[in-house]
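First up is the structure itself, then whatever we jot down about it.
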Amino acid sequence: MPQKIKVRYLILTLLRKLFRNLKEAGRDLLPIILVIAVFQLAVIRQPFPQLLEVLTGALLVIVGLMLFVQGLEMALFPIGEALALAFARKGSLAWLLIFGFALGFSTTVAEPALIAIAKAAAQVAAQGNIIASDEQTRISYALGLRLTVAVSVGLAISIGIIRILRGWPLHYLIIGGYVIVMAMTMIAPKEIVGIAYDSGGVTTSTITVPLVTALGVGLASSIRGRNPLVDGFGLIAFASVLPMIFVMGFGMVVFGVKTFW
Amino acid sequence: MATCRDVFPVLALMLGFQLIVLRQPIPHWQRIVVGFVFVLIGLTLFLVGLEKALFPLGKIMAKQLSAPEFVFGSETAPQRPDWWAYGWIYVFGALVGFATTIAEPALIAVAYKANQVSRGTISQWGLRLAVAFGVAIGIALGTFRIVTGTPLFLYIVGGYIIVVIQTIFAPKEIIPLAYDSGGVTTSTVTVPLVAALGLGLSTTIPGRNPALDGFGLIAFASLFPMITVMGYVQFVGWWARIRLKSRRER
């Protein structure tokens, strides 16, 4: 195909895909818009605050989701898979593990949701007189939480990668992890337990999840004898369990161990 | 923009590894660059829209639905409220959990991958709906727990016992995906709304300590999808076996 027509063809295909994504994004966001609208108008029965801002916001969300899903297929997934393939070909386990740890750590440390939760946790703890209320203590507490979670996610990715390569069944490891969580819940200070449980859920951000999933599935596909569906997934599960353990450990170090008697 | 700053570490990491460690050129790099730009712009718009519209509304609504005037019709709540007085909160929580999960981009990504890898056996919508139901149940139970004040770990322990039992009987192929679903769904859209719901609820209900009860709702949202996804697959398999049996008997 001559160059000019090829470019035009590519742009048209892209626009068609974007339009399809737009429809799907609208459909994906419809439930939440409906829920809020119905509750606001029918149950709470109060006028909608700032209707124009809400509508613009809803529009931005739909367009943003459409672009994101398109970028997912074009960039995030292929890069994850390409990296997995390249690592498998290079055959160096050490570099792969370093990469996995760095990936988990770097995405978590910058995670806005985690920063927000750590700040809220420090605020709540200071108000409850569990820690000193001055700014310095609160900042270092919040930072300590963030680093703990980031390290745990980095380790989680690395352990998860080892699991994929060795083929260990996932459920033993995860159930074992949750047994440790429950044991620690008994002896960890009450104040840290809720935050610990939440930190596991917070760490899986919109960009990390597709990358990590593509990496895992790509690794599993490039090893003979592994079923990608069974072995490729599971990294996220690790990244949800390990922070709980580490944050409770952090709590035990900072606040001391809770005694029954 | 803040999104660029957040994405930068990952980008630098991947570029660094691709070029320095692996020493390989990136295939189709133009497409990847365009795709990355889409991801950045898309995520920025998405987050801005959420901050402008959904989060403020959600937080206000969480406060309104748990405010004593709405629930009891008077300024102050009785010392020990009945759990069914807060019925609207459970419904709202369940619906919000369901809706945010459907909107969750991370889950869309995983469902896409699962569909691709299972060559169509796992339908994207089937997985997403199963996870959404799990989150709905989880949030409803979680808000119930905050209202009644029962300890968090009882529910979690009970939930994980169910997970273990299900794992023994579930087809092995679905287990990692089910275990992942819980962690995946608590992401950009779900977490702020759910956290606001939990904190708002525990501050307006008398006798609850926000430091202890406000958190923990997210853990519920992570736990129950595991149960529903495995349950969904088990149910589909059981249903198929029943139909096969009745067809043979005819």
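Only the coordinates and a few stated rules stand behind these numbers; no lab work does. Fair warning: this is a prediction, and the values are worked out from it, not measured in the lab. We place every Cβ from the backbone using ideal geometry, glycine too, and count neighbours over all the protein chains shown.
Structure above, values below:
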quantity	calculated
Packing-based ranking, highest mean first, of B:52-59, A:208-215, B:171-178 given that Cβ atoms within 10 Å are counted	A:208-215, B:171-178, B:52-59
Rounded, prolate or oblate (a/c below 1.5 giving rounded, otherwise prolate when a/b exceeds b/c) for region A:1-76 by Cα gyration tensor	prolate
Region A:41-194: C-alpha gyration tensor shape, a/c 1.5 cut-off, then a/b vs b/c	oblate
Within 10 Å of each Cβ in A:16-26, the average number of Cβ atoms from other chains	1
Per-residue average of Cβ from other chains inside 10 Å of B:219-226	4
Signed unit charges on C-beta, dipole axis of the protein assembly as shown, positive-most listed residue B:Leu244, B:Phe17, A:Gly71	B:Leu244
Chain A shape via C-alpha gyration tensor axes, a/c threshold 1.5	oblate
Highest-fluctuation residue, A:Ala58, A:Ala142, A:Ala116 considered, GNM on chain A with Cα pairs under 10 Å	A:Ala58
Under the span-like rule (Cα at least 18 Å along the axis, Kyte-Doolittle mean at least 0.5), DSSP H helices of chain A	A:3-38, A:51-71, A:77-90, A:93-109, A:112-127, A:135-166, A:170-187, A:208-222, A:235-255
Largest to smallest principal axis extent of the C-alpha atoms in the protein assembly as shown, angstrom	75, 71, 53
